[in-house]
Amino acid sequence: MSHPQILSCQAAIEQRRAVRAFRSDPIPEETLQEILRLGLRAPSGYNLQPWRFILLRQAESKAKLRACAFDQRQITEAPVVLICCGDRRINTEDYIASVIALGEQVEAMTDAFADYMRGAIPQLFEQHPCFESLEAWTNRHTMLAVAHLMIAAKSLGVDSCPMEGFVSAQVKAEFSIPAEVDVCCLLPLGYAADPIKTYGGRFEIAQVCYGEQFGGKL
Ligand SMILES: Cc1cc2nc3c(=O)[nH]c(=O)nc-3n(C[C@H](O)[C@H](O)[C@H](O)COP(=O)(O)O)c2cc1C
């Protein structure tokens, strides 16, 4: 099914706001599925896709989450809320085999690369030269998917609010989230109630982008 794109990628990035008040209008199921489909196209190291999303639609579930999130109103107002998690259980033979099988299914995997993955992935997680902790690794990837989700949503006319204001241990206990899974972010999705918060501005490129070394003039 094709979906009418409401905004270009550029307009979606420019017009997205962290929305604190939502109308009660539901998100059409096809639109929600399309947001998820596009969000899950985010990249990940070795295509391991460690993100996991719990979708809350029931008022009771959202009320439970709001109580873990400093009573922030957008959680119960939004028609759908995602609990965005990162799963640290990706360094197992079975899981690596499932990623290889996926690559084979879409004809994007050679035997040589599959062998390389079977050796390199366990090594990456044992030595972890590229990250401080597995939690940092899951966060890195899950938040990329969250960024994709927010832009995909806005391009289809759906607003969002990324949220770190929650007590992770409480969310994990309330929603049966395993110990090896990190809660990275909450993401209410829906349609903004007026007035939408105005743009808060961003630092100039030259303030946050450097040339050749940290602090170097661009
Ligand atoms: C990781 C992350 C966590 C955030 N947590 C919250 C939150 O708990 N509650 C909230 O109202 N806004 C939250 N925000 C929204 C920011 O305040 C907002 O993105 C920022 O002020 C810039 O505004 P804009 O997104 O509308 O451009 C969060 C944003 C990010 C990226």
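Loop by DSSP (not H, G, I, E, B), at most 10 other beta-carbon atoms within 10 Å: where is the longest site-free stretch of the chain for chymotrypsin sites (Phe, Trp or Tyr not before Pro)? Let's see the in-between values first.
Values: sites that count: Tyr199, Phe203, Phe214.
It runs 1-198.
Of the DSSP beta bridges with both residues in the chain, give the percent that are antiparallel, rounding to the nearest 5. Bridges in the chain are about 95 percent antiparallel. Here the accessible area of the stretch 1-142 is 50 percent carbon and sulfur, with a 1.4 angstrom probe and all protein chains present. In the context of the full set of protein chains, residues of the chain present 58 Å² of accessible surface per residue (probe radius 1.4 Å, heavy atoms only). Applying both filters, DSSP loop and at most 14 other Cβ atoms within 10 Å, to the trypsin sites (Lys or Arg not before Pro) of the stretch 44-87 gives Arg57, Arg73.
How far is helix 134-155 tilted off the main Cα axis of the chain, in degrees rounded to 10, range 0 to 90? With both axes taken from Cα atoms, the answer is about 50 degrees. The long axis of helix 29-39 is offset from the longest Cα principal axis of the chain by roughly 40 degrees. Distances between placed amide hydrogens fall under 5 Å for Ala21 paired with Ala193, all partners being 5 or more residues away or on another chain.
Here the 3J(HN,Hα) profile of the stretch 75-89, calculated from phi with Karplus coefficients 6.51, -1.76 and 1.60 at θ = phi - 60°, is 5, 8, 6, 5, x, 9, 10, 9, 8, 9, 10, x, 9, 7, 8 Hz, Gly and Pro shown as x.
Rounded to the nearest 10 degrees, what's the angle between the helix 93-105 long axis and the longest principal axis of the chain, both from Cα atoms, 0 to 90? For helix 93-105, the angle is close to 80 degrees. For the chain, the Kirkwood radius over C-alpha pairs fed into Stokes-Einstein at 25 °C and 0.890 mPa s yields D = 128 µm² per second.
The values are calculated or read from the model by the stated rules, or taken from the named source; none is laboratory data. This structure is a prediction, so every number in the text was calculated from the model and none was measured. Glycine gets a Cβ as well: all are built from the backbone with ideal geometry, and neighbour counts include every protein chain shown. With ligands, DNA and RNA removed, areas are computed over all heavy atoms of the protein, side chains included. Shrake-Rupley method; radii C 1.70, N 1.55, O 1.52, S 1.80 Å.
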